[in-house]
Amino acid sequence: MQSFSGEVAIVTGGASGLGAATAAALAAQEMKVVLFDLNAEAGAAHAARIGGRYVAVDVSDPSQVAAGIDAAAQEGQIRVLVNCAGVGPAAKTVSRGEAHDPALFDKVIRINLIGSFNCASQAAARMAAGEPAGADGARGVIVNTASVAAYDGQIGQIAYAASKGGIVGMTLPMARDLADKGVRVCTIAPGLFKTPLLESLPQEVQDSLGAQAPFPSRLGDPDEYAPLVRHIVNNPMLNGEVIRLDAAIRMAPR
C-alpha cells in the first residue's frame, strides 16, 4: 500500500460536504492538508479543526490556482490532489420558450470541468518535479469528483451533466499522460449524497430522493465518500478508473 504520511494533500471545495469529509480523512492519515475554497469563514474553521491550512482559491482562475499551489508547496511536497469544488444549478436547454442562459452554462463548465483541470494539471506538474516515493516510483495521486449525472443526467442538468461528463472523459487520458511521471489519476462518480445543496431541501424531499437508491435506500454520507478517496490514494493499482459510488442508483429523467 502507498503511504504519503507527512506530505501535502490539497482538497478543493474542502470547506464543506464531500471535500470537508475528505480533508478530515486525509488529515487523520497524517497528511498535511491544504483546503482550497471561497468560503473563508468555513474554510478557516475546518482547517483549524483538522490541523490543516486554508487558502482562498477560485479554481476557475488559473492564476489563483497557481498561487494556491505555491502556498501548498510551502507545507512540503505535494502528493495528493482531490477535486471536490463544484456547482450544480438547474436549467433546461429551453424553458418557457427561452434558450438556456449561455453565461450560466459557461460558469458551470468553468468551475466544475476547467477548475478540475486547472488544479489537476498544476498540481501534477509539482508532483512530477518531486522525488519518487516507494518501490514503484510513485510521485502523487489525483482524485477527481464527477457524478452519476455524467451518465444519467436528468431534466434540467444539461450544464452539470456536461461538466461531469467532461471529468469522466479526461480521467483515462490524464492517467496515461502522467503514467511516466509516477502520478495516478482516478475519478469518483457519487450518486445522491448529503451535500449542502441537498441538505438545504426539506426533509421529505431528501427522504424521497434517498428512496430512489436500490440499497441502501438513503442519501449517502460524505463520510462514506472519504474512505474511497483514501483507498484510491493508498492502493497503487487504482489508476485511470471512474468509480460509481451510488448505491446502484440509475437516475430517472426527473
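Remarks
- The residue that is surrounded by the most Cβ atoms within 10 Å (Cβ to Cβ), among those in region 23-51 that are within 18 Å of Gly140 (Cβ to Cβ) and of a type in the set (Gly, Ala, Ser), is Ala23.
- Output for region 215-244, where each listed residue is in contact with a helix residue (DSSP H, G or I) (Cβ under 9 Å, 6 or more places away or on another chain) and of a type in the set (Val, Ile, Thr): Val229, Val233, Val242, Ile243
- Neighbours by Cβ (under 6 Å, 6+ apart or cross-chain): first from region 219-242, within 13 Å of Ser3 (Cβ to Cβ); second part of a helix (DSSP H, G or I): Arg230/Ala25
- Hey, Val59 more than 22 Å from Gln2 (Cα to Cα) and touching a residue at least 60 places away in the same chain (Cβ under 8 Å) or not: yes
- Restricting region 165-192 to residues that are touching a Phe, Trp or Tyr at 6+ places or on another chain (Cβ under 9 Å) and either assigned to a helix (DSSP H, G or I) or at pLDDT below 95 (or both), the residue that is farthest from Gly140 (Cα to Cα): Gly165
- Residues that are assigned to a loop (DSSP other than H, G, I, E, B) and buried (at least 17 other Cβ atoms within 10 Å of the Cβ) within region 204-254 comprise Ala213, Leu219, Leu238, Asn239, Asp246, Ala247, Ile249, Met251, listed in sequence order.
- One residue stands out among those in region 165-186 that are closer than 17 Å to Arg79 by Cβ and of a type outside the set (A, V, I, L, M, F, W, C): the one that is surrounded by the fewest Cβ atoms within 10 Å (Cβ to Cβ), which is Lys181.
- Looking only at region 3-19, and only at residues there that are under 28 Å from Gly134 (Cα atoms) and of a type in the set (A, V, I, L, M), the one that is surrounded by the fewest Cβ atoms within 10 Å (Cβ to Cβ): Val8
- Residue match in region 76-87 (condition: surrounded by fewer than 24 Cβ atoms within 10 Å (Cβ to Cβ), farther than 20 Å from Val233 by Cα and not hydrophobic (A, V, I, L, M, F, W, C)): no
- Residue that is surrounded by the most Cβ atoms within 10 Å (Cβ to Cβ), among those in region 88-121 that are under 15 Å from Met170 (Cα atoms) and touching a Phe, Trp or Tyr at 6+ places or on another chain (Cβ under 9 Å): Asn112
- Any hit, region 127-134, residues being in a helix (DSSP H, G or I) and either polar (S, T, N, Q) or more than 22 Å from Val8 (Cβ to Cβ) (or both): no
- In region 193-221, residue modelled with the highest pLDDT [restricted to those that are polar (S, T, N, Q) and within 15 Å of Gly17 (Cα to Cα)]: Thr195
- If you go through region 16-56 and pick out every residue that is within 23 Å of Ala66 (Cβ to Cβ) and basic (Lys, Arg), you end up with 2.
The values are calculated or read from the model by the stated rules, or taken from the named source; none is laboratory data. These numbers come from a predicted model, not from an experiment. Positions of Cβ are generated from backbone atoms using ideal geometry, with glycine treated the same way; all protein chains shown enter the neighbour counts.
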